[in-house]
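Report on the following structure.
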Amino acid sequence: MLRVATIPLGGARRVLPLALPLAQDQVGPCNARWLQQVGCDQMRHSAGCRIAERADAGAQGLRRPPPPPPPPQLSGPSSGSTPSSILPLTVATPLPSAPSCANGRQVAGAADLAVPPPPPPPSLQPMGPEEVLKILESDGARTCLHRLWDRIEALHSEERFTCPQIAIIFEKCTQARRLERGERVPGGAPLGAKLVQLFSNFVCERIPGLTPRDITTFIVSLTSPPFQMDEFWLFMLAKRVQDTTSDFSSEEVVVIANRYAERGLEDDEFFAALVSRVIARWQEFDLRQLASFLLSCGKLRYLDDELCNHVLPLFEDPARVATLDGEVMSSAIAAAALLDQHSFRANICCAQLVAEPRAFAAVVQDKDQAIGLANAVVFCGPQVGTHMLVPALLKEFAALTEKSWSSRQHLNNMSMLYRRTVLIGLCVAYS
């Protein structure tokens, strides 16, 4: 009899008859021949199936991916077997390289990272205006400006200095004892001239925003020996003071008037505004300030009768004069002489000066005060008491010749003595 068997062929399944051996006596001749034929066909089918299976296996072997590479070996003492807890290493994709910021060497795996560089340390950061002012305070104006001049110019080109900071720079330069007109900076120009040229336009454009203190600082600096006098800058400052005199304190008014008078900068409208400020609130001024302001007006020959009528009688009071020093009394005497105030009774101040030899000697040491007293002797005449100053002046002038001076100082003092002697001669001639 026949049995059916299922044989896979190339992924398909085929049903084939399976011949089982039968006894010869169980089949007839026809059936025997039929079974023999079926057996041959079955053998051919079996051989074809085996060939097809080999072909399919070969095709699948060609499409099979290559085996993975063996895992890297761990360094360490070799052992007979790998511990089960150690997993195969996973090799990560390397990062792009970038240069290191510390020493400039190439660091593999960081070139294309979008990471900003770290900020420079504080010692390497560019110096700002505050740091410049600190060095100016600690090292002095002369050392600071010579060492940091390039940085100051760079900060100014960026407009990083404010007007109050510029005023501090000018104030420190004015107070510096070693800062003189001949000091040079890189470029060959005097230091004061370079500072004025650097900041002139910047400050002049911002004068309406300046405080009274800053204005006073700039005026004092621009009329001081270390700096080059900028008349346009001083003119702009004067107009601002003229429009806002009520904002300035009594001391600032006196200092401003004195500085303009020392430089011979005459402006009637400007001094008229200052005089009005003094007359309107003259109680805020002490005798020293009033004498100094009146002397400033006298140097420029600016006469205001109302001002003289308010100020000069205060120096005719013996009780008040007794509390004054020699500089204040000599300023009042010189101011009355320059303003041609013959009605002023100067004998009280003159007697007080002569009675204090030390105070009188200190006054004569100042050439401006000495010339002012000599002018008072000449212009006021003996009727107001200035003649009592002549013996004291001659004595102090003679004492100056006994001092030892250097060659340059000797020439300056000798020329000063010559001028004073001529004034005394005029005094003797008129008396």
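The values are calculated or read from the model by the stated rules, or taken from the named source; none is laboratory data. All values reported here derive from a predicted model rather than from experimental measurement. Methodologically, a virtual Cβ is constructed for each residue, glycine included, from the backbone with ideal geometry; neighbour enumeration extends over all protein chains shown. Heads up: the accessible areas ignore ligands, DNA and RNA and are worked out on the full protein's heavy atoms, side chains in. Shrake-Rupley method; radii C 1.70, N 1.55, O 1.52, S 1.80 Å.
Every Cα-Cα pair of the range 191-236 was included, and the share exceeding 12 Å stands at 60 percent.
Can you work out the accessible area per residue across the range 171-292, with the rest of the protein chains kept in place, probe 1.4 Å, in square angstrom? The partial results should precede the final answer.
Details: 5680 Å² over 122 residues.
Per residue, the range 171-292 has 47 Å² of solvent-accessible surface.
Shown in residue order for the range 302-312 are the 3J(HN,Hα) couplings computed by the Karplus curve 6.51 cos²θ - 1.76 cosθ + 1.60 at θ = phi - 60°: 9, 9, 10, 4, 4, 5, 5, 5, 7, 8, 4 Hz (x for Gly and Pro). Of all lysines in the structure, the ones whose alpha carbon falls short of 24 Å from that of K194, not counting any fewer than 8 places away in one chain, are K134, K172. One decimal place: the segment E205-D325 gains 39.0 nm when fully extended, by the rule 0.36 nm per residue minus the C-alpha distance. Rounded to whole numbers, the Karplus 3J(HN,Hα) couplings from phi for the range 216-228 are 4, 4, 5, 5, 4, 5, 5, 10, 9, x, x, 10, 7 Hz, using 6.51 cos²θ - 1.76 cosθ + 1.60 with θ = phi - 60°, and x at Gly and Pro.
Database remark: amide H of F161 closer than 5 angstrom to no amide H (H placed geometrically; neighbours at sequence offset of 5 or more, or on other chains; Pro and chain starts carry no H).
Applying Stokes-Einstein at 4 °C and 1.567 mPa s to the Kirkwood radius of the range 230-322, computed over alpha-carbon pairs, gives a translational diffusion coefficient of 96 µm² s⁻¹. Computed from backbone phi, the HN-Hα couplings of the range 324-334 come to 8, 8, x, 5, 5, 5, 5, 5, 5, 5, 5 Hz, rounded to whole numbers (Karplus: 6.51 cos²θ - 1.76 cosθ + 1.60, θ = phi - 60°; Gly and Pro given as x).
Using a probe radius of 1.4 angstrom, the carbon and sulfur fraction of the accessible surface of the range 271-317 is 49%. With a Förster radius of 30 Å applied to the beta-carbon distance between D286 and Q197, the computed FRET efficiency rounds to 0.20. Evaluated at q = 0.10, 0.14, 0.19 Å⁻¹, a Debye calculation over the C-alpha positions of the range 147-271 (equal weights, vacuum) places log10 I(q)/I(0) at -0.30, -0.59, -1.07. State the percent of C-alpha pairs, over all pairs in the range 306-371, separated by a distance greater than 14 angstrom. When every Cα pair of the range 306-371 is considered, 54 percent fall beyond 14 Å. Among all the lysines, which ones have a C-alpha under 23 Å from K367's C-alpha, if same-chain residues fewer than 8 places away are not counted? K367 reaches K299, K395, K403.
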